[in-house]
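J.: Below is one structure. I have some questions about it.
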Amino acid sequence: MIAVTTMKIEFEVNGKAVSADVEARTTLADCLRYDIGLTGTHVGCEHGVCGACTVIVNGAAARSCLMLAVQADGEKVTTVEGLSNDEALTPLQASFRKHHALQCGFCTPGMITTAHALLTHEPNADEERVRDVLSGNLCRCTGYISIVEAVLDARVAYGSKGE
Amino acid sequence: MNTRPGNSLIGSPVERVEDLRFLRGKGTYVSDFSLPNQLHAVILRSPEAHGVIRRIDTSRARALPGVHAVITAADFGARPPHIPLRLQPLPELAPFHQPVLAFEKVRYVGEPLAVVLADTASIAEDALELIDVEIAALPAVTDRASAERGDSILFEPHGSNRALVWTATRGDAEAAFVKADVVLKERFHIQRHAAMFMEPRGFVADWNAETQRLKVWGAAKVAWTNRRILATAMGLEETAIDMVELDVGGGFGSRGEFYPEDFLIPAAARIAGRPVKWSEDRREHLMCANHARDIEINVEMALAKDGRILGLRGMCYSDNGAYLRTNGSVGPRNVAQFMSGPYKIENIHLQTTMLTTNKTPSGTYRGPGRFETDFARERLIDLAAKKLGMDRAEIRRKNLVADADMPYPLATIQPFESVTELDSGDYHAVFDRCLKEFGWDEKSALQGKLIDGRYHGIAVGSFIEGGAAGPKEDARLALETDGSLTVHLGSSAVGQGLETIMAQIAADSMEMSFDRIRVLHGSTTHVTEGYGSYHSRSTVMGGSAILLAAEKLKDKIRECAAARLGCSKDDVTIDAETVRFKTTSLTFAGLGAEPIEVEATFYNKKYTYAYGTQAAHVSVDVGTGHVRVHDYLSVEDVGRMINPLTLHGQAIGSIVQGLGGTFLEHLVYDANGQILTGSLADYLMPTASDFPNIRSITLELKPSPNNPLGAKGAGEGGIIPVGGIIANAVANALSHLGVEPMELPLSPPRVWALIDAARRAKR
Ligand code: FES
Ligand code: FES
């Protein structure tokens, strides 16, 4: 009943080529966290509701708990680590900090990846649009107001001309 | 003592140090932590709500390649360890303690039956399906009616499903009801819901057979207490165990209490002789972490014609679930003791009966008992105003405790007596400030108005928030040889920004720059004893301990400097991380060959009471029952703010949690005791698009006289009156129909049913 087969996958994570031997049932989230060692991608529900596991696959936000690792074979994946550098916070991150858009920080990687994907495509997203897109990510601590403000405030860094 | 030395960082909106790692995905939450050679634990949980365990056969599971062990109750001798109560540890509650693995009977869906240890979590999960369990089902007790009928009893030797009755008394309630001009009698119900923090629970445990020492990663909230419980259960000395706190993804009262897994994972590590890691999944969390609230409140309020509240009496029934957990009495007890809230009510006789049922055991969730009791009280006050034909603000003004009445005693609760008093506050000033900021007079015109298919309503109410539970907290300060300061603290972080707040206090009190301070907290290795984060206590208790330690440290620094500079210690001045005597000076960095260390303890017997007033403006769509929140304002006096940025964040977050409990969140069971809300798609929580219009104003009107910071425990507060205020606003909007909500949540179907029933009654 339990035939476990593994498969070798090769894909790009944060601009670097990586490979892993994974079982067909391994989620992308688990692969990133435990095979690749990038634990910034968080797992809050494993059933596609909380958004903590959001990563960017080929430019689009995706829930890595609902995607199998084998589906990432040959694709380009960006995680919160890929949207960070050691020298300074990015404008999006700095905006989160300034607006106190995080408390426990557990939802934060998913918020950052979701917001980054949104603003990359829609730097002029208005408040309603931001709220709408973020409504797929649960945060139990902040009540969201500060997160929405942080994302709106970060739009300039993505080339928003202002409304 | 100078209460605000330095006076520059305390009170400033300092950006958090924690953010730098969290924003980069560099936090270390427990599931991010691993040890070489670790095994993975997965727990088999009861599929039945109530039944006698006939057989657990693990042989097929153990035969699965990759499985190392399957642990059952039989591995722990004749009787597995039971988890004692942390708060209100009454001997009469001992029969209801939860065993670490179901023992003889199962009493709720999700109760642990066995632990599988395997090379990977997926193999362990595969093995679960190979464990053969036979349970002879018994009828499930799932509500007050079936609990009281007693044809099915959870703890047979006890003879009933009634665990204990709490009684809160003050004055002479019977006499007050005889004197009353008006008496209201109502039944309220607050639904079962839960803290639902975003990071699931987990542990990594490592047993060293050689040194006979245990190390546990994943501690939270009350590491020292849990170490004591664990040491007893495992037959170890407390000092043989180190509990390590990693980053913690939210607590809200629920995380960090001692659950079965707090024992099972360390015990499994000892049995296996290898490190063991366990991470809960969300379904387990919904079935296993503490539930909360679930209470029926039957209460009468006695009033004089002029609107003065003369007395309260009644009986509440709390559905505590299958066992009494570590803090399971707090909510039910608080409902009785704190129903009077910020109002002057001299005559009280309120009881809460704790019932055992075949549901997940309950514990505290932010504002335990207070959210519930405020719902009943604020509803009653609005109903009283209606009956007396009084203005709703006026009746509250008439009853709010006055500054001159402070300290003001509350009802005393029995058994496990607790006597407490409101410490200080200008309740009237905050009430008026809230009305003004809210625009109460202007918005009054909206009451009951139909605009674009929605009826509008407003409401206002006041609350108190208890904080700063004793008995004490320790802080150890070390001036390192490089001149930096390390703060070791017994307080624990659960996502509230503790590192930043404590560094602010330490920097000010040592007159050092913020970035020279490092805060280590929550782990048992840092101080001899710590009491942790609950009851809004960490800022007040930990912060006060730092202030005391800083005084001691400065003294010791002067002493060291005096020896070096050849003067008396009283001649040494400390300024900007430098010690001086006349024209000679030494920097902190050059002071000693060894770190200079001190430890201090802050003791506190008295609680602080932050307080506030909130107001809401809602509209109701009578076609769908949907309620929209147009404006929600909270004004709270916390005595002294350490960091306005984080405090504001907690206030908003707390209110939104309250709105979740008011409108959305509900843990639903069927008559067989099966939980129907097993995912976050069924258990609804607020999202970014639900409540955009929340405002919070924090004031520093009346510092607490009970601690050197003057701070009052805050952060839970916002949630407390939300249910009552929203329900009052809905009633106000629908006053033309006479709709009076008595139960939560105010989901669209419930509100619509109320509207429908009211319309039928009118016909
Ligand atoms: S963990 Fe993927 S959506 Fe929750
Ligand atoms: S900051 Fe804690 S869940 Fe969002």
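Any read-out appearing in this document is the output of simple, stated calculations on the displayed coordinates, not a laboratory observation. The model shown is predicted, which means the values in this text are computed figures rather than measured ones. Please note: Cβ atoms are built from the backbone with ideal geometry, for glycine as well, and neighbour counts cover all protein chains shown.
J.: Which is farthest toward the positive dipole end of the protein assembly as shown among B:Pro266, B:Tyr611, B:Leu676, measuring Cα position about the Cα centre, with Cβ charges +1 (Lys, Arg) and -1 (Asp, Glu)?
T.: Of the options given, the answer is B:Tyr611.
J.: Nearest 20 debye, what's the magnitude of the dipole of chain B about its Cα centre given +1 on Lys and Arg Cβ and -1 on Asp and Glu Cβ? Provide the component values of the computation, followed by the final result.
T.: Numbers: 82 positive and 94 negative charges, 247 e Å.
So the magnitude is around 1180 debye.
J.: What relative contact order, as a whole-number percentage, does chain B give when Cα pairs under 8 Å and 6 or more residues apart are counted?
T.: Working: 1938 pairs, mean separation 123.0, N = 763.
It rounds to 16 percent for chain B.
J.: To the nearest whole percent, what portion of all C-alpha pairs in the stretch B:479-560 is separated by more than 15 angstrom? Mind dumping the intermediate values first?
T.: Values: 1799 of 3321 pairs.
Everything past 15 Å amounts to 54 percent.
J.: Working from the pairwise distances between different alpha carbons, so that the mean of 1/r is found and then inverted, what is the stretch A:91-158's Kirkwood radius in Å?
T.: Details: mean 1/r = 0.0873 Å⁻¹.
By the Kirkwood definition, the hydrodynamic radius is 11.5 Å.
J.: Moving to a separate point now. If one puts a single equal scatterer on every Cα of the stretch B:607-757 and applies the Debye formula without solvent, what log₁₀ I(q)/I(0) results at q = 0.17, 0.21 Å⁻¹?
T.: Debye curve over Cα of the stretch B:607-757, log10 I(q)/I(0) at q = 0.17, 0.21 Å⁻¹: -0.97, -1.22.
J.: Please report, to two decimal places, log10 I(q)/I(0) for the stretch B:189-274 at q = 0.21 Å⁻¹ as given by the Debye formula with identical point scatterers on the Cα atoms and no solvent.
T.: Per q value, in the given order, log10 I(q)/I(0) is -0.95.
J.: So, one more: Quote the relative contact order of the stretch A:74-142 in percent (integer), defining contacts as alpha-carbon pairs under 8 Å separated by 6+ residues.
T.: Numbers: 31 pairs, mean separation 24.7, N = 69.
Dividing the mean separation by the residue count of the stretch A:74-142 yields 36 percent.
J.: Take the Cα atoms of the stretch B:202-331, build their convex hull, and give its volume per residue in Å³. Before the final figure, lay out each step's value.
T.: Values: hull volume 19.8 nm³, N = 130.
It comes to 152 Å³ per residue, whole-number rounded.
J.: Let me ask another. Just for chain B, what percent of DSSP beta bridges are antiparallel, to the closest 5?
T.: Working: 111 of 141 bridges.
Bridges in chain B are about 80 percent antiparallel.
J.: Determine the shielding of peptide A:105-116 by partner chains: average, over its residues, the number of Cβ atoms on other chains within 10 angstrom of each Cβ. It would help to have the intermediate numbers written out before the result.
T.: Numbers: counts 18, 12, 5, 8, 6, 2, 2, 4, 1, 0, 0, 0.
Counting other chains' Cβ atoms within 10 Å and averaging over A:105-116 gives 5.
J.: Also, I was wondering about something else. Using each residue's phi in the stretch A:21-34, evaluate 6.51 cos²θ - 1.76 cosθ + 1.60 at θ = phi - 60° and report the 3J(HN,Hα) Karplus result to the nearest Hz, with x for Gly and Pro.
T.: 9, 10, 6, 4, 7, 5, 6, 4, 4, 5, 4, 4, 6, 9
J.: Based on the Cα gyration tensor of the stretch B:525-636, what are the three equivalent ellipsoid semi-axes, each the root of five times an eigenvalue, rounded to whole Å and given largest first? Kindly include the intermediate steps, with their values, before the conclusion.
T.: Working: eigenvalues 543, 61, 32 Å².
For the stretch B:525-636, the ellipsoid semi-axes come out as 52, 17, 13 Å.
J.: Can you give the translational diffusion coefficient of the protein assembly as shown in µm²/s, computed by Stokes-Einstein from the Kirkwood radius over Cα pairs at 25 °C and 0.890 mPa s?
T.: Numbers: Rh = 28.8 Å.
Estimated via Stokes-Einstein, D reaches 85 µm²/s.
J.: Next up: Sort B:698-704, A:150-156 by the packing proxy (mean of other Cβ within 10 Å over each peptide's residues), most packed first.
T.: Numbers: B:698-704: 19.6, A:150-156: 22.3.
Result, highest mean first: A:150-156, B:698-704.
J.: Going toward the positive end of the dipole of the protein assembly as shown, with +1 on Lys and Arg Cβ and -1 on Asp and Glu Cβ, which of A:Leu38, A:Ser84, B:Val115 do you reach last?
T.: Of A:Leu38, A:Ser84, B:Val115, it is B:Val115.
J.: For peptide B:13-23, what's the mean number of Cβ atoms from other chains within 10 Å of each residue's Cβ?
T.: Details: counts 2, 0, 5, 5, 0, 5, 12, 3, 3, 14, 19.
That works out to 6 on average.
J.: If one computes P(r) from the Cα atoms of the stretch B:343-400, what percent of pairs lie at distances over 19 Å?
T.: On the way: 786 of 1653 pairs.
Of all Cα-Cα distances in the stretch B:343-400, 48 percent exceed 19 Å.
J.: Starting from the exponent 0.38 and prefactor 2.2 Å, build the expected Rg for chain B from its residue count and divide its actual Cα Rg by it. Intermediate results must be reported in sequence, preceding the final value.
T.: Working: Rg = 27.1 Å, N = 763, 2.2 N^0.38 = 27.4 Å.
The reported ratio for this selection is 0.99.
J.: Hey, can you rank B:589-600, B:655-666 by average C-beta count inside 10 Å, highest first?
T.: Going by the mean number of other Cβ atoms within 10 Å, highest first, we get B:655-666, B:589-600.
J.: With 26 Å as the limit, write out which pairs from B:Lys26/B:Lys277; B:Lys449/B:Lys762; B:Lys179/B:Lys702; B:Lys472/B:Lys702; A:Lys98/A:Lys161 have Cα-Cα distances beyond it, or answer none.
T.: Values: B:Lys26/B:Lys277 20 Å; B:Lys449/B:Lys762 19 Å; B:Lys179/B:Lys702 35 Å; B:Lys472/B:Lys702 23 Å; A:Lys98/A:Lys161 21 Å.
Where the Cα-Cα span goes over 26 Å, the pairs concerned are B:Lys179/B:Lys702.
J.: Let me ask another. For A:43-54, what's the mean count of beta carbons from other chains sitting within 10 Å of each residue's beta carbon?
T.: Working: counts 7, 9, 10, 7, 7, 3, 9, 4, 2, 3, 0, 0.
Other-chain Cβ atoms within 10 Å of each residue's Cβ, averaged: 5.
J.: Still on this structure, I have one more. Taking neighbour counts of Cβ atoms within 10 Å as a proxy for exposure, in what order, fewest first, do B:Met510, B:Met541 appear?
T.: Values: B:Met510 26, B:Met541 35.
Result, fewest neighbours first: B:Met510, B:Met541.
J.: In cubic angstrom, how much convex hull volume per residue do the alpha carbon atoms of the stretch B:413-517 span? Mind showing how you got there, number by number?
T.: Details: hull volume 26.0 nm³, N = 105.
Enclosed volume per residue, from the Cα hull, is 247 Å³.
J.: Same structure again: Per 10 Å bin, what is the whole-percent P(r) computed from every C-alpha pair distance within chain A?
T.: 11, 40, 32, 13, 3, 0
J.: May I pose another question? Provide, for q = 0.09, 0.14 Å⁻¹, the log10 of I(q)/I(0) from a solvent-free Debye sum over equal Cα point scatterers in the stretch B:134-264.
T.: Log10 I(q)/I(0), no solvent term: -0.54, -0.95.
J.: Here is a follow-up. Could you give the dipole magnitude of chain A about its Cα centre, charging the beta-carbon of Lys and Arg +1 and that of Asp and Glu -1, in debye to the nearest 20? The partial results should precede the final answer.
T.: Details: 13 positive and 20 negative charges, 44 e Å.
So the magnitude is around 220 debye.
J.: For a Förster distance of 51 Å, can you work out the FRET efficiency between the beta-carbons of A:Arg25 and B:Ala576, rounded to the nearest 0.05?
T.: Numbers: r = 60 Å, r/R0 = 1.18.
Computed FRET efficiency for A:Arg25 and B:Ala576: 0.25.
J.: Highest mean first, what order results for A:134-147, B:390-403, B:350-363 on Cβ atoms within 10 Å?
T.: Values: A:134-147: 25.4, B:390-403: 18.3, B:350-363: 26.9.
In decreasing order of mean packing, A:134-147, B:390-403, B:350-363 become B:350-363, A:134-147, B:390-403.
J.: Over the Cα atoms of the stretch B:681-720, what Rg and Dmax result, in angstrom?
T.: Spelled out, the Cα radius of gyration and Dmax of the stretch B:681-720 are 16.0, 46 Å.
J.: Taking the Cα centre of the protein assembly as shown as origin, sum charge times position over the Cβ atoms of Lys and Arg (+1) and Asp and Glu (-1), and report the length of that vector in debye to the nearest 20.
T.: 1680 debye
J.: How large is the Kirkwood hydrodynamic radius of the stretch B:46-105, counting all unique pairs of alpha carbons, in Å?
T.: On the way: mean 1/r = 0.0719 Å⁻¹.
13.9 Å is the Kirkwood radius here.
J.: At a temperature of 25 °C and a viscosity of 0.890 mPa s, determine how fast the stretch A:6-83 diffuses translationally according to Stokes-Einstein, using the Kirkwood radius over alpha-carbon pairs as Rh; express D in µm²/s, rounded to the nearest whole number.
T.: Values: Rh = 11.9 Å.
After rounding, the answer is 205 µm²/s.
J.: With the alpha-carbon atoms as the only input, what is the per residue convex hull volume for the stretch B:112-155 in Å³? Show your work: numbers first, answer last.
T.: Values: hull volume 4.4 nm³, N = 44.
Roughly 101 Å³ of hull volume per residue.
J.: Let me ask something else about it. For the stretch B:245-395, take every pair of Cα atoms, bin their distances at 10 Å starting from 0, and report each bin as a whole percent.
T.: That works out to 10, 32, 25, 17, 10, 4, 2, 0, in percent per bin.
J.: Given the stretch B:1-116, report the % of alpha carbon pairs whose separation exceeds 20 Å.
T.: Details: 4400 of 6670 pairs.
Roughly 66 percent, once rounded to a whole number.
J.: Enter the Cα centre distance for the pair the stretch B:112-142 and the stretch B:340-365, rounded to the nearest angstrom.
T.: Spelled out, the Cα-based centre of one part sits 35 Å from the other.
J.: Now, a different point. Report the one residue of B:Ser254, B:Ser689, B:Gly331 whose Cα lies farthest in the direction of the positive end of the charge dipole of the protein assembly as shown (charges on C-beta: Lys and Arg +1, Asp and Glu -1; origin at the Cα centre).
T.: Among B:Ser254, B:Ser689, B:Gly331, the one farthest towards the positive end of the dipole of the protein assembly as shown is B:Gly331.
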